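Notes for the one structure printed next.
The values are calculated or read from the model by the stated rules, or taken from the named source; none is laboratory data. Computed from a predicted model, the values in this text were never measured in an experiment. Cβ coordinates were reconstructed from backbone atoms using ideal geometry, including for glycine residues, and neighbour counts include every protein chain displayed.
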Amino acid sequence: MLRHPPDEPREAADAPLAGQVVLLPRVKEPDRIASALERAGAEVQRAAVTRTVPGETAALEATARRIVAGEAAWLVLTSARTVEALAPYLHVPVPSALQVAVVGPATARAWTELTGAAPDLVSRGSAAALLEEPVLVGPPPAPSAAKRVLLPASALADPALADGLRRAGWEVEQVSAYTTVTAGACDLPPGLDDSWAASGVDAVVLTAPSSTRAVLELLGPPPSTTRLVTIGATTAAAARELGLPVAAIAPSPTPEGVLRAVIAAMTPDPAIFTTPPSRSTS
């Protein structure tokens, strides 16, 4: 089973998650969330429960051309995976007149690494949090090109963001940048299914609706002793629709936010937050 090695030595007895096994259903390097959990004493087990399927080439190429031509007021990116999907088709530099809004520091970092430019707006919550930004919910400018928002995203994305932008008066152009499908059972780390069934996993961090469905399909319902922690309200809603109990919700996809949610789920004692975890980014 794939375990994420701790970044630095620590005294397990002094760590709030000492002795706890936490499943993180994704594999990425580096993984700052896994590192934060390890530093808190958890044994992190990682598994890729989904795989990414790119969107249609023609649609991605057309979106990339619009980006480079500056044919929109805003480009909205809700995940680092969207940036990765656009990367083969996107030629930099991106016009400075095109404003870029992203969700989360991981997406911001992916955009900066690709283009060398920082996004104009970074939401630290879910995609829905962008609808609280005055520049996006206020009346758009008059020229037609300046009213357009490019929104490449997962084919499984919640329509709430696009619908909210349209209600605010924007012309939203959506494209399926990628989709996610459940990985095969043969792709799971050896022994994970047995450990799951035997209550060997104390908590699982559900990172997206797609990974939530995949965990349920591949591993089955969690034992009553396994705490479910979701990243964002959208993932929490997806889990509840599947009949899964949510113990805690991380309001933002940051290592600090996820760590605090996992600690709250495992040891719901306000005293544990007397000394907040150190700040970091995902």
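From (1) touching a strand residue (DSSP E or B) at 6+ places or on another chain (Cβ under 7 Å); (2) free of Cβ contacts under 8 Å to residues at least 60 places away in the same chain; (3) farther than 30 Å from T267 by Cβ, pick out the condition that doesn't hold for A64.
(1)
Yes/no matrix, rows are residues, columns are (1) under 16 Å from A208 (Cβ atoms); (2) among the aliphatic types (A, V, I, L, M); (3) part of a loop (DSSP other than H, G, I, E, B); (4) under 18 Å from the mean Cα position of the chain (by Cα):
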| position | (1), (2), (3), (4) |
| --- | --- |
| A101 | no, yes, no, yes |
| T112 | no, no, no, yes |
| P140 | no, no, yes, no |
| L150 | no, yes, no, no |
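If T180 satisfies every condition in (1) at pLDDT 95 or above; (2) of a type outside the set (A, V, I, L, M, F, W, C); (3) in a strand (DSSP E or B); (4) surrounded by 19 or more Cβ atoms within 10 Å (Cβ to Cβ) but one, which is the exception?
(1)
Mind listing whichever residues of the range 186-210 are touching a residue at least 40 places away in the same chain (Cβ under 8 Å), in a helix (DSSP H, G or I) and within 21 Å of M266 (Cα to Cα)?
L192, S195, W196 - these are the residues of the range 186-210 that are touching a residue at least 40 places away in the same chain (Cβ under 8 Å), in a helix (DSSP H, G or I) and within 21 Å of M266 (Cα to Cα).
I'd like the residue in the range 1-34 that is at pLDDT 90 or above and over 19 Å from P189 (Cβ atoms) and, out of all such residues, is surrounded by the most Cβ atoms within 10 Å (Cβ to Cβ).
L17
Using beta carbons and a limit of 6 Å, which pairs, at least six apart or on different chains, have the first residue in the range 153-167 and assigned by TED's automatic domain parsing to the domain that holds V103 and the second one assigned to a helix (DSSP H, G or I)?
Close Cβ pairs satisfying both conditions: A153/T82; L156/S210; D158/T234; A160/A128; L161/A127; G164/L131.
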